[in-house]
Amino acid sequence: MTSDAVAAANANMVAAFARLSDHTPTGSSRTVGELTAITTGVPVPFFNPVFVFEPPARDDLSRAVSWMAEQAVPFRVTVAEPAVDATASLAADLGLERTGDPQPGMVLGSLDEIPRSDDRVDIEVVTDATGLDAFVAVTSAAFGMPEPVARQVAPESLLDDETVQILVGRVEGEPAASGLLVRSGDVAGVYNIGVTEAFRRRGVGEAMTWAVLRAGREAGGTVGALQSSEMGYSVYEGMGFETVVTYHSFSPV
């Protein structure tokens, strides 16, 4: 994989949070030098990131962190591995500390070889409020997220966004899996892959991931990208994804 793959993964992740910010009433964003700060108004740090992909200037990082603090929402600073040491050297002075485990940014270099859909999982693109309710319910259960928060990050207006597709998978008629496609350029970004406890370890998450990639290919995507959890890493690696970058998190002390 080349530096182009890293740039594509980074850009798609920024696009995903920017899309969500655009669809939330209190969402906002700001570019500070080479940094991008995005707030969605959702009271969870994950949904209010400052993105740092290159070693930051102290003044830029300070201004980005100060702006996020002014938004009165919990936030995080997401730092790509090439910028970790430089960010860490500034963190204490800015009231930040490293938190959580590193997260691989992974890319699938081609969407040409996507297997046919798995008959065991009935996956559909959400087009109405009823389908969105199912997506919210699965997301809430799969990620241990309070349902009001899950609803905040899946506003109904997303259904009209041409760069986004929301997917729900059912097994034996029961909502079992969630998935989200966010397109940027020729990149199909895979997000919100969640499977409820009763249907885990049955290939449902992989089937949903392929479905999101398939939808991305149909919309003109040629490359897949995602950020992997520890639980999903071996699945994605088996699908052909390669780690091209690693992200680290810093949070206010």
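The values are calculated or read from the model by the stated rules, or taken from the named source; none is laboratory data. Computed from a prediction, not measured in an experiment: that's the story for all the values here. Cβ coordinates were reconstructed from backbone atoms using ideal geometry, including for glycine residues, and neighbour counts include every protein chain displayed. Please note that ligands, DNA and RNA were not included when accessible areas were found on the heavy atoms of the full protein model with its side chains. Shrake-Rupley method; radii C 1.70, N 1.55, O 1.52, S 1.80 Å.
Criterion first (open to solvent by 30 Å² or more (accessible area, probe 1.4 Å), closer than 24 Å to ALA18 by Cβ and among the polar types (S, T, N, Q)) does THR87 satisfy it? Show your work before the answer.
Values: open to solvent by 30 Å² or more (accessible area, probe 1.4 Å): no; closer than 24 Å to ALA18 by Cβ: yes; among the polar types (S, T, N, Q): yes.
Spelling it out, it is not the case that THR87 is open to solvent by 30 Å² or more (accessible area, probe 1.4 Å), closer than 24 Å to ALA18 by Cβ and among the polar types (S, T, N, Q).
Can you name the helices (runs of 4 or more DSSP H) wholly within region 1-92 that have at least 2 residues being of a type in the set (S, T, N, Q) and within 25 Å of GLN165 (Cβ to Cβ)?
Working: elements: 3-22, 58-70, 84-91.
By residue number, 3-22.
Looking at region 72-123, which of its residues are over 15 Å from VAL50 (Cβ atoms), in contact with a strand residue (DSSP E or B) (Cβ under 8 Å, 6 or more places away or on another chain) and basic (Lys, Arg)?
Answer for region 72-123, where residues must be over 15 Å from VAL50 (Cβ atoms), in contact with a strand residue (DSSP E or B) (Cβ under 8 Å, 6 or more places away or on another chain) and basic (Lys, Arg): just ARG120.
Just to be sure before I move on: is VAL6 surrounded by 20 or more Cβ atoms within 10 Å (Cβ to Cβ), modelled with pLDDT of 95 or more and of a type in the set (Val, Ile, Thr) in the structure I sent? Steps first, please.
Details: surrounded by 20 or more Cβ atoms within 10 Å (Cβ to Cβ): no; modelled with pLDDT of 95 or more: yes; of a type in the set (Val, Ile, Thr): yes.
The answer is no for VAL6.
Could you say whether any residue in region 99-118 is open to solvent by less than 10 Å² (accessible area, probe 1.4 Å), more than 14 Å from SER178 (Cβ to Cβ), among the hydrophobic types (A, V, I, L, M, F, W, C) and in a strand (DSSP E or B)? Break it down stepwise before answering.
Residues of region 99-118 that are open to solvent by less than 10 Å² (accessible area, probe 1.4 Å), as a first pass: 105-107, 111.
Of the ones still in play, those that are also more than 14 Å from SER178 (Cβ to Cβ) are 105-107, 111.
Of the ones still in play, those that are also among the hydrophobic types (A, V, I, L, M, F, W, C) are 106-107, 111.
Those still in the list that are in a strand (DSSP E or B) too: 106-107.
Yes: region 99-118 contains one or more residues that are open to solvent by less than 10 Å² (accessible area, probe 1.4 Å), more than 14 Å from SER178 (Cβ to Cβ), among the hydrophobic types (A, V, I, L, M, F, W, C) and in a strand (DSSP E or B).
I'd like the full set of residues that are free of Cβ contacts under 8 Å to residues at least 12 places away in the same chain and under 18 Å from GLU162 (Cβ atoms), limited to region 205-244.
Scanning region 205-244 gives a single hit, GLU218.
Any idea which residue in region 23-43 is most open to solvent (accessible area, probe 1.4 Å), counting only those that are within 16 Å of the chain's Cα centre (by Cα) and without any contact (Cβ under 8 Å) to a residue 60 or more places away in the chain?
Among them, the one singled out is THR36.
In region 241-249, is there at least one residue being under 30 Å from VAL65 (Cα atoms), touching a Phe, Trp or Tyr at 6+ places or on another chain (Cβ under 7 Å) and of a type outside the set (S, T, N, Q)? Show your work before the answer.
Taking region 241-249 and keeping what is under 30 Å from VAL65 (Cα atoms), we get 243-249.
Still in the running and touching a Phe, Trp or Tyr at 6+ places or on another chain (Cβ under 7 Å): none.
No: zero hits.
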